[in-house]
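Derivation of every value follows stated rules applied to the coordinates shown; laboratory data play no part. Predicted, not measured: the structure shown is a model, and the values here were computed from it. Here the Cβ positions follow ideal geometry from the backbone for every residue, glycine too, while neighbour counts run over all protein chains shown.
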Amino acid sequence: MPPQHAKPWPLVAIFSLMTQVRFLDWIFLVDKKLTQSIYLTVAKGGADNCNCSMCKNYVVARQNLFDLPLRNFFKNVGVEMNKEYEVCHMNKETNGLHLYSTWFDFAGQLLDGRNCKIQTKDGKSSIEYFDMNSNLSVAFLPSTKPADSFFDNVEEVVSINFLLTIPWTINEKEPV
Ligand SMILES: [Zn+2]
């Protein structure tokens, strides 16, 4: 007898594809396969798609920006560190370094640990950052179908936002 058409997987099987990933005080339920498949559809990171000097400077720094624990975390959740959704140059700090904000996403949920999106009294929200070292802070923000993301079709998403400072290393006019 020929095989029957495959039935849709039961919900429990779908959830079993999710893995738990721990990072510092956070625990996430992660859909690594889905995250990897979405990053595969992305040709380049946001900084590579921009021609401004600030983004070029970020691309140079990017290779050495993330330490081993962070690289392992990216690997465990399926994020490609060269494919940030967005890079934003904020300003030049008094110490001469340049402050940037960068965004990544992965498919998953926050199981335990602080939601870094803080609702303020006036109905707006702000972001609370965790300092990883003197040049790098991170925030994790759970969301649903985030508009500003490669993951705008995914129901459960965790956004990663870094604030980081890097030197100006490229041979182009340094912003003040
Ligand atoms: Zn740019």
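If R0 is taken as 22 Å, the Cβ-Cβ distance between L40 and A147 corresponds to a FRET efficiency of 0.55. Its residue count N sets the reference 2.2 N^0.38 Å, and the alpha-carbon radius of gyration of the stretch 76-126 equals 1.53 times that reference. Cross-link partners for K117 among the aspartates and glutamates, with Cα-Cα distance under 20 Å and sequence neighbours closer than 8 places in the same chain left out: D25, E84, E86, D105, E128, D131, D148, D152, E155, E156. Among S126, S159, the order by Cβ neighbours within 10 angstrom, fewest to most, reads S126, S159.
According to the calculation over all Cα-Cα pairs in the stretch 11-166, the P(r) per 5 Å bin from zero is 2, 9, 18, 22, 21, 16, 8, 4, 1, 0, 0 %. In terms of surrounding Cβ atoms within a 10 Å radius of their Cβ, M90, M132, M18 rank from fewest to most as M90, M132, M18.
Report the relative contact order of the stretch 11-166, percent, no decimals, based on alpha-carbon pairs under 8 angstrom and at least 6 residues apart.
On the way: 287 pairs, mean separation 35.9, N = 156.
Reported as a whole number, the value is 23 percent.
Applying a 4.7 Å Cβ-Cβ cutoff to the chain leaves C52, C88, C116 as cysteine residues with no disulfide-compatible partner.
In which sequence would C116, C88 go, from the one with the fewest C-beta neighbours within 10 Å to the one with the most?
Working: C116 22, C88 16.
Lowest count first: C88, C116.
The trypsin sites (Lys or Arg not before Pro) of the stretch 42-121 meeting both criteria, a DSSP state outside H, G, I, E and B (loop) and at most 14 other C-beta atoms within 10 angstrom of the site's C-beta, are K44, R114, K121.
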